[in-house]
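Student: Questions regarding the structure given below will be posed in turn.
The values are calculated or read from the model by the stated rules, or taken from the named source; none is laboratory data. Fair warning: this is a prediction, and the values are worked out from it, not measured in the lab. No Cβ is skipped: glycine too gets one built from the backbone with ideal geometry, and neighbour counts run over all protein chains shown.
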Amino acid sequence: MTNTGQARLKNLGEVEQAVMDYIWSHGRVTAESCREALTASRPMKDSTIRTVLRRLEEKGYLTHEVEGRTFIYRASDARQNVAVRAVKGIIDRFCGGSAEELVLGMVDNAVLDRKQLERLARKIAESESKNAGNTVQKNSSE
């Protein structure tokens, strides 16, 4: 198993995921603003949202600062970075550390379509040409 150097975050429950989705889309939030925003889909008591926020902080998804007597919460990391670590964990556990094996499985099971594969190929080509340019610059400056 590959060590990424970052602690593996614990999985999110359904309510925790809804709270994180709100925080990722709104940045800094209070328990009250979060509770009010989720009321239509997930009504919660004040004590419940505070417990959820505390647990998310314990799991490493959130940090907080205090303004007056109010806790202001924000995500510890961007949604995409959390997603990348989650997928990396899946690759390590189920694909022997091989991202290629995961992608091939996704192709074989029609999870990725031709358009998505073409976008991935373009992104890889862009990344390779960018890295090649950096190597040329580095070598010429030595």
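Student: Residues in region 109-122: is at least one more than 15 Å from GLU16 (Cβ to Cβ) and surrounded by 14 or more Cβ atoms within 10 Å (Cβ to Cβ)?
Tutor: yes
Student: Which one of the conditions (1) modelled with pLDDT of 95 or more; (2) of a type in the set (A, V, I, L, M); (3) within 20 Å of GLN17 (Cβ to Cβ) does VAL66 fail to meet, given that it meets all the rest?
Tutor: Evaluating VAL66 over (1) modelled with pLDDT of 95 or more; (2) of a type in the set (A, V, I, L, M); (3) within 20 Å of GLN17 (Cβ to Cβ) leaves (3) as the failure.
Student: Okay, moving on. With respect to ARG28, is the statement that it is buried (at least 16 other Cβ atoms within 10 Å of the Cβ) and basic (Lys, Arg) true?
Tutor: It is false that ARG28 is buried (at least 16 other Cβ atoms within 10 Å of the Cβ) and basic (Lys, Arg).
Student: What pairs come up if the first residue lies in region 93-109 and is without any contact (Cβ under 8 Å) to a residue 40 or more places away in the chain and under 17 Å from LEU120 (Cα atoms), the second is of a type outside the set (Lys, Arg) and assigned to a helix (DSSP H, G or I), and their beta carbons are under 6 Å apart, counting only those six or more places apart or on different chains?
Tutor: As it stands, the answer is ALA99/ILE91; LEU102/ILE91, since those pairs meet every condition given.
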